[in-house]
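Asker: One structure, as structure tokens, below. Some questions next.
What follows is calculated from the coordinates using simple rules that are stated; it is not laboratory data. It should be emphasised that the depicted structure is a prediction, and the values quoted were computed from it without experimental measurement. Using ideal geometry, Cβ is built from the backbone for each residue, glycine included, and neighbour counts are taken over all protein chains shown.
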There are 2 protein chains.
Amino acid sequence: MEQQKFHINKLRVSGLRPTKQRLAISKILFNRRETFHFTIEQLKKVIEKNSKKKISLATLYNTVHAFKKKGYLKEIPLKGNQTFFDTNTSSHHHFYDEDTLQLIDIKDENISINNLPKTPNGKKIQDIEITIKVASNYQKQKDN
Amino acid sequence: MEQQKFHINKLRVSGLRPTKQRLAISKILFNRRETFHFTIEQLKKVIEKNSKKKISLATLYNTVHAFKKKGYLKEIPLKGNQTFFDTNTSSHHHFYDEDTLQLIDIKDENISINNLPKTPNGKKIQDIEITIKVASNYQKQKDN
DNA sequence: CTTACAGTTTAGAATCATTATAAACTGAAT
DNA sequence: ATTCAGTTTATAATGATTCTAAACTGTAAG
Ligand SMILES: [Mn+2]
Ligand SMILES: [Mn+2]
Ligand SMILES: [Zn+2]
Ligand SMILES: [Zn+2]
């Protein structure tokens, strides 16, 4: 288990105790080649499949927010009842598939916005993240 | 009251009975020169100021959703606990002031996105709306 | 190896925006 | 005036998230 040590160290460095729960969640979130986009509810299901001991919902919330605070996760601004998290913490854009409710990273670094108007007086831009809703054409638009 | 007739007609044409409540809400929403961005809670407060008879919260929700369905309001995709509505129903972009929690229309028609990557297979773009978060520079970024 | 304790986990309660329910009310057609 | 579908309303229900306070545990010190 080389990964194990890696995650333990990462947690220690962050001032977070490497508990069983945090390690289990770390493995599921960060032992991946691809970006992982998820809601807490989705994460719960993955945990229930992969882990024998159950982790309480409160701990899932606690841990995900702790990871976010430490910069290991990003929260994705998306309207809807549930909040999305993203293991890709760089500033980037998304397609949002309204059929499957899945986020898809836009890897193209060349995407750009032109002719941006001046920002309101005394304000600075904090963040620009574009979410492009896509769906199968024939379907009715969601009543979101 | 020319406006009154206008709103009554608009409601009738839409297949909505022109009730006292709907007329009161119509006046507040649509007798404006500027776009109005609001949450239900904000609308409730404006109503309470301007109208002697109170309108139940359920009716506010019902009416706003009815107006949205008829195309007189747009729901703005914005993360957060409360949903925003917009009297400007055209496709357009926003600044979101994180200090005041206010939406501001971007009127510049020339804004454009360049180098958009191809959409996922079999999917069509439904909507692109950009929300640019702004805030006073000196402030800490919101823990949204 | 024990002890001690801050940090962590947990079940369950609380919160809060929104939606559902079902009874009372009302606009408007007859 | 009568009638009834459409509407309003108080209230309950829902569902995601946060809070609470008690039990537990990683680890530093002895
Ligand atoms: Mn809605
Ligand atoms: Mn959060
Ligand atoms: Zn992403
Ligand atoms: Zn607008």
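Asker: Give, to the nearest whole percent, the P(r) tail of the protein assembly as shown beyond 24 angstrom, counting all Cα pairs.
Answerer: The proportion of pairs with Cα distances above 24 Å equals 61 percent.
Asker: Could you work out how far helix B:20-30 tilts from the main Cα principal axis of chain B, as a 0 to 90 degree angle to the nearest 10?
Answerer: 40
Asker: Just tell me which aspartates and glutamates come within less than 20 Å, Cα to Cα, of residue A:118; anything on the same chain fewer than 8 places away is out.
Answerer: A:127, A:129, B:34, B:97, B:98, B:99, B:105, B:108, B:109, B:129
Asker: Give me log10 I(q)/I(0) at q = 0.12, 0.13, 0.14, 0.22 Å⁻¹ for chain B, Debye formula, one equal scatterer per alpha-carbon, no solvent.
Answerer: Taken in order of the listed q values, log10 I(q)/I(0) reads -0.62, -0.71, -0.80, -1.43.
Asker: Also, quick follow-up: Sorted from largest to smallest, which semi-axis lengths in Å does the alpha carbon gyration tensor of segment B:92-144 give for its equivalent ellipsoid, taking the root of 5 times each eigenvalue?
Answerer: Each semi-axis is √(5λ); the values are 28, 14, 10 Å.
Asker: With the cut-off at 25 Å, tell me which of the pairs A:124/B:68; B:5/B:53; B:74/B:124; A:79/B:69; B:74/B:107 have Cα atoms farther apart than that.
Answerer: The answer is A:124/B:68.
Asker: Determine the calculated [θ] at 222 nm for the protein assembly as shown from helices alone, applying -39500 (n - 2.57) to every DSSP H run no shorter than 4 residues and normalising by the residue count; nearest 500 deg cm²/dmol.
Answerer: Result for the protein assembly as shown, helices only: -10000 deg cm²/dmol.
Asker: Taking the simple approach of a point 7 Å from Cα along Cα-to-Cβ for both residue B:54 and residue A:4, what is their distance in nm?
Answerer: Spacing of the two 7 Å Cα→Cβ label points: 6.2 nm.
Asker: With the label 7 angstrom out along Cα to Cβ, how close does residue B:79 come to the same site in each of the other copies, in nm, nearest first?
Answerer: Copy-to-copy label distances for residue B:79: 1.6 nm.
Asker: Which value, in debye to the nearest 20, describes the size of the charge dipole of the protein assembly as shown about its Cα centre when Lys and Arg Cβ atoms bear +1, Asp and Glu Cβ atoms bear -1, and nothing else is charged?
Answerer: Rounded to the nearest 20 debye, it is 1260 debye.
Asker: For residue A:93, list long-range residues whose amide hydrogen, built 1.01 Å from N in the peptide plane, is under 5 Å from its own amide hydrogen.
Answerer: Amide H neighbours of residue A:93, under 5 Å, 5+ apart: A:106.
Asker: Per residue of B:118-126, how many C-beta atoms from partner chains lie within 10 Å of its own C-beta, taken as a mean?
Answerer: Across B:118-126, the average partner-chain Cβ count within 10 Å equals 6.
Asker: Could you give, in nm with one decimal, how far residue B:107 is from each other copy of that position, shortest first, with labels 7 Å out from Cα toward Cβ?
Answerer: Label-point separations across copies, in nm and ascending: 4.2.
Asker: Using a cut-off of 19 Å between alpha-carbon atoms, which lysines can reach residue B:54, once sequence neighbours fewer than 8 places away in the same chain are excluded?
Answerer: Those lysines meeting the cut-off are B:20, B:27, B:44, B:45.
Asker: Compute the relative contact order of chain A as a whole-number percentage, counting only Cα pairs closer than 8 Å that sit 6 or more residues apart in sequence.
Answerer: 18 percent.
Asker: Which is the longest run of chain B containing none of the GluC sites (Glu not before Pro) found in DSSP loop states (not H, G, I, E, B) with at most 12 other C-beta atoms within 10 Å?
Answerer: By the stated rule (loop sites, at most 12 other Cβ atoms within 10 Å), B:35-108.
Asker: What longest range of chain B stays clear of loop-exposed trypsin sites (Lys or Arg not before Pro) (DSSP non-H/G/I/E/B, at most 10 other C-beta within 10 angstrom)?
Answerer: The longest such stretch corresponds to B:54-117.
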